[in-house]
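The values are calculated or read from the model by the stated rules, or taken from the named source; none is laboratory data. What you see is a predicted model; the values in this text were computed from it and never measured. No Cβ is skipped: glycine too gets one built from the backbone with ideal geometry, and neighbour counts run over all protein chains shown. These area figures cover heavy atoms from the full protein model, side chains too; ligands, DNA and RNA do not enter into them. Shrake-Rupley method; radii C 1.70, N 1.55, O 1.52, S 1.80 Å.
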Amino acid sequence: MGLVLRDHVGALVLGKTMCKAMVSSVFEAEALAVLEGLQWLLTFDNKRGREMETILIDCVQNSLRHLLYRNAIFMCERLCAEFPSETNSQLLATCYLQDNKAYSAYHILKGAQQAESRYLFAVACFQMDLLNEAETALCPANEPNAEVPSGAAGHYLLGLIYRYTDRRRSSVHHFNQALSVDPLFWAAYEELCVLGAAEEGNAIFGESASLYVQKKYSGHGLVSQCMSSSTENKNTVPVRNLSPHDPSPRQIKNLHSNTLKDNPGSYHGAALSGGASGQPVNGSFANMTFYSTPSPVTAQISAAAPPPIYRNMQSPRRKFVDEGKLRKISGKLFDSGPRRSTRLAGESGHSTGSSAASCTGNGASHSSKYLGGSKLSSVAFRSVTFRKGQARGSESFDEGVQQESYDDSRTSTSSLACDTKFLEEGILMATGCAIMSESQAITGASDLIALLAILGEGYRLSCLYVCQDALDVYQRLPHKHYNTGWVLSQVGKANFELVNYLEADRAFCQARLISPYSLEGMDIYSTVLFHLKEDMKLSYLAQELVSTDRLAPQSWCAMGNCYSLQKDHETALKNFQRAVQLNPRFVYAHTLCGHEFVALEDFENGIKSYQSALRVDERHYNAWYGLGMIYLRQEKFEFAEHHFRKAFHINSRSSVIMTYLGTALHTLKRSDEALVVIENAISADKKNPLPMYQKANILTSMEKFELALEVLEELKDYAPHESSVYALMGKIYKRCDMHDKAMLHFGLALDLRPSATDVATIKAAIEKLHVSDELDDTL
């Protein structure tokens, strides 16, 4: 029998064998006593193992809360070594993911089957750019109808995978699915806007979203919703307070005196503390919930009272039990179904003055004379939730400490009210939810949804390049929200697209003052300063961004623009390539690389850079425009027209794109169509001199000299210092045999210091001033 007691793992099986032998020897009572003792010992050992697991997980979670990833990883490795399970592996993988070590999480979770494991594995694959494996983890090929793990987050990740593998329709579908699961999933709506597939802000953030928020945060259903959502995390499962069946200090002392070896069970848990630092909320509420893992053996015998421990295994009196009764008793002992105590015991300590409730394993709450039908009882019941299909035994946090239940005379109305408030506050702190009345929930939901509707509509219009309308929408925001870094950056981007560089500069400057730590839109801001030729401000911005975050692509885009403004295109290209290396999905860095390749007249690599940008975002019109410019310079006019038209379909309000589209059409001998496009470009931006100049060029080629001169005279008011305007006027006057005016305008063009190429062209025109056009063409 000593061997049986020393080996807890095989104790139950050996006990059954002994039971049969002893029945045949008419030792039925002693056999039952042995079985009950072994079962209770196994339950006690499981609890001891569970306590160590609880402490380890609490330490890991506390380290993660304080961003101590190295400590979290070390303690979680101890946890997985002592209590190996897939749930603990998920926690270790989470530690590595938060420490930006996706490769470690990848190897830990490879081959895992639980839904949460598959989601974390997909996140690791996505960060490692293993998109095929990430998709397989979220949507197994052998389970085509399987539900995507992690709900809205899983759909969002799958949408990103489809987006970066050129499956736009599937990507849009999953982003919409994420919003249908969680209407407050702003990141999914952002992606839909980038794809150009988002509905209006009022449609997404409308009445249904408001009802969702009200239902989630209002009134009676709040605590149960909070707790049910918390059970999605497989590491968080609350357990009940100390039950009358837990071992007393005296029983524990007796057990330790028997030199029994420990054999911890498979439970794991950590206290969910209410405060951010892991300290108890309001004194001792942090001990109320645990992180747990199921144990089938404990589920069977959790409600069994500890039997008396026999010092010697001989009974002073033998009692005969027939085989039928023995079979009935053993059937109860080894019943596969969970057994739970239906007694709801109220417990209290003088330091805490609180009471908590137990519930049955199937989730049904039993009334208590101490709790009655009060709000406390419903809150206590909602606070005790379990995973589906898992039964949980009654267990305490401090083993061996058992307190007496309240008597009716000791329970007062005032103390019950205090306990109710304390328990509600503790539960809500532990779950991270907020409680409010029905009217407060309605007001808060309507305010939040109205705010998101404005922000969403403004961002949607910006992504559709309806920028003036977007600016008007942003103006409707409250002052405190308008003056935030994100909104001001969006305002700056909208003004940049409208070629209002001064307004864009002002908005970005204000964003930098409000959020100097944010790099949102700083790549665009550096381009604004590039166009304004503000070399000092651009240099200062680049240095500030690099000192803020050397690993951000925006920093190196600003640095590259700084060198590009100084005509150091090779150094600028290296900086842009550094940005691409830091984030291959940062689309603007690819486009800037293409611009520098074009400046270096390396058109082949320029085409590759623009194509790389389009692989990241096919709606990035700057890349389509860049390809069109290359083909225009290579005199591949049909290709140029195709790419300019693709850019025009994305951004149909860009005066620059329409101008070059008209130029490509003119080179294809479609001058009438070109004039219509140019007129639209002039109407889109009356301050842009480029379409007016191209219109004059087209009219000159069509020999409509008077109309061309009218356009150029008007253009001089917009661009009085543009040498090309006076050069074209000199050419027209030469064609009209007005040599004096031609010579005057050629001289004015030279006085404005044009580029070296233009100087050579103008001087050649002056030398041939008196040569007829027909003879000039033959020469």
Check: For segment 682-724, which residues satisfy the criterion of being aromatic (Phe, Trp, Tyr), under 53 Å from the mean Cα position of the chain (by Cα) and open to solvent by less than 60 Å² (accessible area, probe 1.4 Å)?
Finding: Tyr693
Next item on the list: Identify, by number, the condition in (1) at pLDDT below 95; (2) surrounded by fewer than 23 Cβ atoms within 10 Å (Cβ to Cβ); (3) assigned to a helix (DSSP H, G or I) that Pro144 doesn't meet.
Entry: (3)
Notebook entry, point to check: Taking segment 546-583, which residues are part of a loop (DSSP other than H, G, I, E, B) and open to solvent by 20 Å² or more (accessible area, probe 1.4 Å)?
Noted result: Asp549, Arg550, Leu551, Gln566, Lys567, Asp568, Asn583
Next item on the list: For residues that are among the polar types (S, T, N, Q) and closer than 19 Å to Tyr588 by Cβ, tally how many sit in segment 535-572.
Entry: 6
Next item on the list: Quick one: count up the residues across segment 147-186 that are of a type outside the set (Asp, Glu), in a loop (DSSP other than H, G, I, E, B) and either closer than 17 Å to Asp617 by Cα or open to solvent by 60 Å² or more (accessible area, probe 1.4 Å) (or both).
Entry: 2
Margin query: Consider segment 574-603. How many of its residues are touching a helix residue (DSSP H, G or I) at 6+ places or on another chain (Cβ under 8 Å) and within 21 Å of Tyr631 (Cβ to Cβ)?
Written below: 13
Check: Yes or no: Ala674 small (Gly, Ala, Ser) and at pLDDT 95 or above?
Finding: no
Notebook entry, point to check: Is at least one residue of segment 69-90 open to solvent by 30 Å² or more (accessible area, probe 1.4 Å), modelled with pLDDT of 95 or more and closer than 25 Å to Tyr164 by Cα?
Noted result: no
Item checked: Subset of segment 690-708 (residues that are farther than 16 Å from Lys669 by Cβ and among the hydrophobic types (A, V, I, L, M, F, W, C)) -> Leu690, Met692, Ala696, Phe705, Leu707, Ala708
Item checked: The lone exception for Glu596 - which of (1) open to solvent by 30 Å² or more (accessible area, probe 1.4 Å); (2) closer than 26 Å to Tyr164 by Cα; (3) of a type in the set (D, E, K, R) it fails -> (1)
Notebook entry, point to check: Of the residues that sit in segment 525-560 and are among the polar types (S, T, N, Q) and in contact with an Asp or Glu (Cβ under 8 Å, 6 or more places away or on another chain), which one is nearest to Phe496 (Cα to Cα)?
Noted result: Gln554
Next item on the list: Could you please tell me which pairs satisfy a Cβ distance under 6 Å, a separation of 6+ or placement on different chains, a first residue in segment 99-127 that is outside any helix (DSSP H, G or I), and a second residue that is open to solvent by less than 70 Å² (accessible area, probe 1.4 Å)?
Entry: Asp99/Tyr69; Ala112/Glu86; Gln114/Glu86
Margin query: Just to verify a result, which residue in segment 474-524, among those that are small (Gly, Ala, Ser) and assigned to a helix (DSSP H, G or I), is surrounded by the fewest Cβ atoms within 10 Å (Cβ to Cβ)?
Written below: Gly485
Checklist line | Where a residue in segment 553-576 is without any contact (Cβ under 8 Å) to a residue 60 or more places away in the chain and within 15 Å of Gln543 (Cα to Cα) and its partner, wherever it lies, is of a type in the set (Asp, Glu) and buried (at least 19 other Cβ atoms within 10 Å of the Cβ), with Cβ under 6 Å and at least six apart | finding: Gln554/Asp523; Cys557/Asp523; Ala572/Glu596
